[in-house]
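*Asks:* Structure incoming, see below.
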Amino acid sequence: MDIIDLTPDNISAIEQAAALLVDGFAENSPASWPDLASGREEVREWLAPEHICRVAVDAHGNVLGWIAANSQYHGNVWELHPLVVRADHRGEGIGRALVQDLEQRVGERGGMTLTLGSDDENNLTSLAGIDLYPNLLKHIADIQNLGRHPYSFYEKAGFRIVGVLPDANGFGKPDILMAKRVGTPFSPEGRQ
């Protein structure tokens, strides 16, 4: 497996990445990319040079996974969006390899933090289906994965939950905000 830049001239890889979006999000978030046209439009948006857009490919050029990110906070923070791995290759380390590759690319561009939002629209965590506002921090501290929500994957990759947007996708459908430091932290001696 190789991880390479996805470029505008690689039409085959763009089509495969678009199909991955539609297939990969069909179960848990079908409205995200309901058809190939919407998937294709999403992929093309991430091909701009200011973004990072990478694909994992096999020896035959078949796309196994796709990841992208955009710069925020003057390049200090990069948002990972989206990450998808072909269903028949999940659990093989492709997602983790894509995240590690992205971390390296973000670091090369001077980024310090990689962030993401991981929606829970289908009651896959203990944060869904309830009113989080009265005791938000306790709910975050006591989070449980009830149905293979991707936040557990990201925790294994070193991300931490840094917040939750209650009702981001409708009442009882939060967005779980996660982040990971990718740059070298400041030394204590450097604090003013």
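*Asks:* Kindly provide the set of residues from segment 71-93 that are over 10 Å from the mean Cα position of the chain (by Cα) and buried (at least 20 other Cβ atoms within 10 Å of the Cβ), ordered by number.
*Replies:* The answer is TRP78, VAL85, ARG86.
*Asks:* For the structure I just gave you, tell me whether ASP101 is closer than 25 Å to LEU47 by Cβ and in a helix (DSSP H, G or I).
*Replies:* Yes, satisfied.
*Asks:* Next up: If a residue must be surrounded by fewer than 19 Cβ atoms within 10 Å (Cβ to Cβ), not in a loop (DSSP other than H, G, I, E, B) and not polar (S, T, N, Q), how many such residues does segment 109-150 contain?
*Replies:* 8
*Asks:* Related question: What do you reckon, is ARG148 more than 28 Å from ASP5 (Cβ to Cβ), of a type in the set (D, E, K, R), in contact with a strand residue (DSSP E or B) (Cβ under 9 Å, 6 or more places away or on another chain) and without any contact (Cβ under 8 Å) to a residue 40 or more places away in the chain?
*Replies:* Details: more than 28 Å from ASP5 (Cβ to Cβ): yes; of a type in the set (D, E, K, R): yes; in contact with a strand residue (DSSP E or B) (Cβ under 9 Å, 6 or more places away or on another chain): no; without any contact (Cβ under 8 Å) to a residue 40 or more places away in the chain: yes.
No.
*Asks:* Tell me which of these GLY183 doesn't satisfy, since it passes every other one: (1) touching a helix residue (DSSP H, G or I) at 6+ places or on another chain (Cβ under 7 Å); (2) farther than 26 Å from HIS74 by Cα; (3) in a loop (DSSP other than H, G, I, E, B).
*Replies:* Against the list (1) touching a helix residue (DSSP H, G or I) at 6+ places or on another chain (Cβ under 7 Å); (2) farther than 26 Å from HIS74 by Cα; (3) in a loop (DSSP other than H, G, I, E, B), GLY183 comes up short only on (2).
*Asks:* Output the number of residues of segment 1-29 satisfying the condition of being out of contact with any Pro (no Cβ under 9 Å at 6 or more places or on another chain) and either outside any loop (DSSP other than H, G, I, E, B) or among the charged types (D, E, K, R) (or both).
*Replies:* Residues that pass the stated criteria total 16.
*Asks:* Okay, moving on. Any residue that is touching a Cys at 6+ places or on another chain (Cβ under 9 Å), more than 22 Å from ALA26 (Cα to Cα) and not in a strand (DSSP E or B) - is there at least one of those in segment 48-63?
*Replies:* To start, the set of residues in segment 48-63 that are touching a Cys at 6+ places or on another chain (Cβ under 9 Å) comprises none.
For segment 48-63, residues touching a Cys at 6+ places or on another chain (Cβ under 9 Å), more than 22 Å from ALA26 (Cα to Cα) and not in a strand (DSSP E or B): absent.
*Asks:* Across segment 158-170, which residue is surrounded by the fewest Cβ atoms within 10 Å (Cβ to Cβ) among those that are part of a loop (DSSP other than H, G, I, E, B) and without any contact (Cβ under 8 Å) to a residue 40 or more places away in the chain? I'd like the intermediate steps shown before the answer.
*Replies:* First, the residues of segment 158-170 that are part of a loop (DSSP other than H, G, I, E, B): 158-159, 166-167, 169.
Next, from what is left, pick out any that are without any contact (Cβ under 8 Å) to a residue 40 or more places away in the chain: 158, 166-167.
Values: GLY158: 16, PRO166: 16, ASP167: 14.
Restricting to residues being part of a loop (DSSP other than H, G, I, E, B) and without any contact (Cβ under 8 Å) to a residue 40 or more places away in the chain, the top hit is ASP167.
*Asks:* Have a look at SER71, SER32 and point out the one that is polar (S, T, N, Q), more than 16 Å from LEU98 (Cα to Cα) and touching a helix residue (DSSP H, G or I) at 6+ places or on another chain (Cβ under 6 Å).
*Replies:* Selected residue: SER32, the only one of SER71, SER32 that is polar (S, T, N, Q), more than 16 Å from LEU98 (Cα to Cα) and touching a helix residue (DSSP H, G or I) at 6+ places or on another chain (Cβ under 6 Å).
*Asks:* Hey, can you tell me all the residues within segment 43-70 that are buried (at least 18 other Cβ atoms within 10 Å of the Cβ), over 16 Å from GLY93 (Cα atoms) and not aliphatic (A, V, I, L, M)?
*Replies:* The answer is TRP46, CYS53.
*Asks:* Next question. Would you mind stating whether GLU155 is part of a loop (DSSP other than H, G, I, E, B) and either acidic (Asp, Glu) or touching an Asp or Glu at 6+ places or on another chain (Cβ under 6 Å) (or both)?
*Replies:* Working: part of a loop (DSSP other than H, G, I, E, B): no; either acidic (Asp, Glu) or touching an Asp or Glu at 6+ places or on another chain (Cβ under 6 Å) (or both): yes.
In short, no.
*Asks:* Pick out the one residue from ILE140, ILE176 that is among the β-branched types (Val, Ile, Thr), modelled with pLDDT of 95 or more and farther than 15 Å from LEU83 by Cβ.
*Replies:* When all the criteria are applied, what remains is ILE140.
The values are calculated or read from the model by the stated rules, or taken from the named source; none is laboratory data. Note that this is a predicted model, so its numbers are computed, not measured. Backbone-built Cβ (ideal geometry, glycine too); neighbour counts: all protein chains shown.
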